[in-house]
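*Asks:* Let me give you the structure first, and then I'll get to my questions.
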Amino acid sequence: MVRILSFFMLSFVFLSAYEFDTKSFPKEFHEIDDVKLKKEEFIRVLLPIIEHQNNQILKERAFVDKFFSEEFFITLDKKMNKDVLAKLTKIAKKYNIKNLFDKKAYLQKIDVIPNSMALAQSALESGWGSSEYSKNLNNLFGHYTFRKSVKAHRVQGKREKIREFESLDKAVKQYMLNINSHWAYENFRERRADLRAQNVDFNGLEGVNHLIKYSEIGKKYIRKLETVIASSNLVIYDRFYPERKESKHLVALSHINSF
């Protein structure tokens with residue numbers, strides 16, 4: 001009985017924390033000793049953030065779709081809306097799209113990341129939120145950088161610096177932009193686009209197989225991600241956003257094992 005009560009009390013704390021502050025994991029999260037419960041709360045905190053960022057991506061995709069259906073085929077004697085064109089230009093720069101009017105390039109890059117893949121990578125890279133980089137820097141995905149324009153810290157034995165993020169939201173946002181824009185993940189994006197064109201679901205287990213360049217350990221990294229997804233049954237969180245609505249995963253996460 002005490003165990004059940006403590007679970008629901010913790011759940012209330014974490015759900016409240018997400019509603020009002022996604023800057024970092026709540027203090028209570030780091031006080032959990034039970035491995036299974038900690039994984040449950042890790043998902044409970046991160047999943048709404050992942051879904052929110054995926055929905056932001058879908059808004060950009062919808063804008064691009066609308067632009068090419070309504071604005072692109074204007075006659076030469078009509079003036080293109082400057083604000084709309086400025087927004088398209090901003091999106092093109094964000095996703096490293098060289099040809100401003102290449103619709104295929106936009107739609108291949110601007111698409112959702114499978115929830116289970118984002119959960120698995122953040123879990124693996126951060127030790128389910130227990131690493132020092134996760135606690136102190138909100139760095140969930142092992143992001144390093146050479147850029148001087150972002151906040152980062154030196155790491156002994158490495159030329160690049162470990163990035164610091166202001167919030168979990170921004171960490172997830174940067175992770176998704178990285179997957180959607182960096183040359184290293186072109187195969188991932190091509191496979192996602194191919195399956196979308198066939199109206200076939202693109203889930204996390206499919207997605208991780210195209211992340212060979214994410215880690216120095218290559219295929220071993222992919223196998224690790226597959227194990228995390230399978231052992232915690234993360235594919236149940238994969239959603240394909242047909243109505244672009246954020247879901248509420250408030251059910252007890254009893255399926256997660258203590259792998």
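*Asks:* Considering only residues of segment 145-179 that are acidic (Asp, Glu) and in a loop (DSSP other than H, G, I, E, B), which is farthest from Lys213 (Cα to Cα)? If you could, list the steps in order and put the result at the bottom.
*Replies:* First, pick out the residues of segment 145-179 that are acidic (Asp, Glu): 160, 164, 166, 169.
Next cut, in a loop (DSSP other than H, G, I, E, B) only: 160, 164, 166.
Working: Glu160: 17, Glu164: 22, Glu166: 26 Å.
Among those that are acidic (Asp, Glu) and in a loop (DSSP other than H, G, I, E, B), it is Glu166.
*Asks:* Oh, and also: Is there any pair with a first residue in segment 84-103 that is on the phi < 0 side of the Ramachandran plot and among the polar types (S, T, N, Q) and a second that is surrounded by 13 or more Cβ atoms within 10 Å (Cβ to Cβ) and part of a loop (DSSP other than H, G, I, E, B) whose Cβ atoms are under 6 Å apart and which are 6 or more apart or on different chains, and what are they?
*Replies:* The qualifying pairs do not exist here.
To keep it simple, each residue is scored yes or no on (1) outside any helix (DSSP H, G or I); (2) modelled with pLDDT of 95 or more.
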residue: Glu206; (1), (2): no, yes
residue: His210; (1), (2): yes, yes
residue: Ser215; (1), (2): yes, no
residue: Arg223; (1), (2): no, yes
residue: Glu226; (1), (2): no, yes
residue: Phe240; (1), (2): yes, no
residue: Arg244; (1), (2): yes, no
residue: Ser247; (1), (2): yes, no
residue: Leu250; (1), (2): yes, no
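*Asks:* Within segment 143-169, how many residues turn out to be of a type outside the set (Val, Ile, Thr) and without any contact (Cβ under 8 Å) to a residue 24 or more places away in the chain?
*Replies:* Matching residues across segment 143-169 total 15.
*Asks:* Scan segment 70-112 for residues that are modelled with pLDDT of 80 or more and either in contact with an Asp or Glu (Cβ under 6 Å, 6 or more places away or on another chain) or in a helix (DSSP H, G or I) (or both) and report the count.
*Replies:* Here is the first cut: in segment 70-112, the ones modelled with pLDDT of 80 or more are 81-112.
Next, only the ones that are either in contact with an Asp or Glu (Cβ under 6 Å, 6 or more places away or on another chain) or in a helix (DSSP H, G or I) (or both) stay: 82-94, 103-110.
The total comes to 21.
*Asks:* How many residues does segment 169-196 contain that are aromatic (Phe, Trp, Tyr) and over 22 Å from Leu124 (Cβ atoms)? Give the derivation first.
*Replies:* Keep residues of segment 169-196 that are aromatic (Phe, Trp, Tyr), which gives 175, 183, 185, 188.
After this cut, where a residue has to be over 22 Å from Leu124 (Cβ atoms) as well, the list is 183.
So the answer is 1.
*Asks:* OK, next. Does segment 182-237 hold any residues that are acidic (Asp, Glu) and either touching a His at 6+ places or on another chain (Cβ under 6 Å) or more than 14 Å from Asp111 (Cβ to Cβ) (or both), and which are they? Even if it seems obvious, please write down each step before you answer.
*Replies:* Taking segment 182-237 first, the residues acidic (Asp, Glu) are 186, 190, 194, 201, 206, 216, 226.
Scanning segment 182-237 gives Glu216, Glu226.
*Asks:* Next question. Identify all residues within segment 134-152 that are surrounded by fewer than 21 Cβ atoms within 10 Å (Cβ to Cβ) and touching a helix residue (DSSP H, G or I) at 6+ places or on another chain (Cβ under 7 Å); write none if there are none.
*Replies:* Correct list: Lys135, Gly142.
The values are calculated or read from the model by the stated rules, or taken from the named source; none is laboratory data. Here the structure is a predicted model, which is why all the values come from computation and not from measurement. As a convention, Cβ positions derive from the backbone with ideal geometry for all residues, glycine included, and neighbour counts pool all protein chains shown.
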